[in-house]
Amino acid sequence: MKTTVIYVTYNANTELLSKSINSIVTQADKVIIVDNTPNKDEKLQIFKNEDVEIIYLEDNFGIAYAQNVGIKNALEKYSEYIMLSDQDTIYPNNYISDMLKIFDIYDNVGAIAPRFIDGMKKSSDGFISLTPIIFKQFFPQSGLHEVMQVIASGKILNAKYLNNIGLMDENLFIDWVDLEWCWRARNKGYKIIGNADVVIEHQLGDSSRDIRFREVNLRSPIRHYYITRNAFHLALRDKSLDTLHRITLFFKSFRYIIGYPILSKPHLTHLKYVMLGFWHGIIGRLGKLK
């Protein structure tokens, strides 16, 4: 079962990336680094060898475009399974072999993903259950679970279904890309499986704030723009989500407009970006923010 691992980098932290690659390279048939850094990130050359290929895009085209470049390359190499990873994720021994077994347990599995712990937070993150209206988190400590969506890092795609499901939505640029793909896969009849028996550590934001009843991941103003914009865009236009979930997503997304400017400094800068994201989401202006 030929497996290719795809990393998308942007001004990579080579120390983190090295630890991540070292934890997975012997488990995969090939590792591909797709670099989104403008004018090339030459320090990535230290990773280049017969097991690791580097593709320089020489500009920031967004994570969805870069992932698609890597996926197409993997498909050309006749990969049966394609794994996506961020630079900060460390994988346990036998990660790929343990995860691939799941594809034989269920029919029509589009993707599988592990349980993850966010290193920036005290609390753990769970899976999103299949509920008729809301996006409800649950926190299994073991077992396999059919879920609504999973994040990209550590997710393994079943290559034979990609022609039907499609690749990542490049118009989103960054943020919500992984979740939208899961919704689309499920809408076409494929399962997304969360494996709670396998745990990875992955950092979702740049920092987090504890507001008593939950911990909030915080990022840069530009990331808050994309999160806000794409949330409202998908709530209004996504054809893979049913109407009730779209309504839930729409009203739930106002928390970004309120929360990010309050919790992040400089407050006015974050307010400016989330309001712009809200407006662009409403009118459907996508792609890279100029």
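The values are calculated or read from the model by the stated rules, or taken from the named source; none is laboratory data. Quick caveat: nothing in here was measured; it's all calculated off a predicted structure. Reconstructed Cβ throughout: ideal geometry from the backbone, glycine too, with neighbour counts over all protein chains shown.
Values computed for the structure shown
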{"quantity": "Scope region 248-260; condition assigned to a helix (DSSP H, G or I) and farther than 12 Å from V216 by Cβ; matching residues", "calculated": "T248, L249, F250, F251, K252, F254, I257"}
{"quantity": "R212 being within 24 Å of A111 (Cα to Cα), outside the structural domain of S20 (by TED's automatic domain parsing) and either modelled with pLDDT of 95 or more or not hydrophobic (A, V, I, L, M, F, W, C) (or both)", "calculated": "no"}
{"quantity": "Sole exception among (1) charged (D, E, K, R); (2) in contact with a helix residue (DSSP H, G or I) (Cβ under 8 Å, 6 or more places away or on another chain); (3) more than 15 Å from A12 (Cβ to Cβ) for K77, by number", "calculated": "(2)"}
{"quantity": "Residue count, region 66-90 (criterion: modelled with pLDDT of 95 or more, more than 13 Å from I6 (Cβ to Cβ) and not charged (D, E, K, R))", "calculated": "1"}
{"quantity": "Failed item, numbered, when I222 is tested on (1) modelled with pLDDT under 95; (2) surrounded by fewer than 16 Cβ atoms within 10 Å (Cβ to Cβ)", "calculated": "(1)"}
{"quantity": "Residue within region 97-105 that is under 28 Å from Y226 (Cα atoms) and in contact with a strand residue (DSSP E or B) (Cβ under 7 Å, 6 or more places away or on another chain) present", "calculated": "no"}
{"quantity": "Qualifying strands (runs of 3 or more DSSP E) (wholly inside region 9-113; at least 1 residues being at negative phi, assigned by TED's automatic domain parsing to the domain that holds M168 and surrounded by 20 or more Cβ atoms within 10 Å (Cβ to Cβ))", "calculated": "30-35, 81-85"}
{"quantity": "Restricting region 133-162 to residues that are of a type outside the set (A, V, I, L, M) and under 18 Å from I6 (Cα atoms), the residue that is farthest from the chain's Cα centre (by Cα)", "calculated": "K160"}
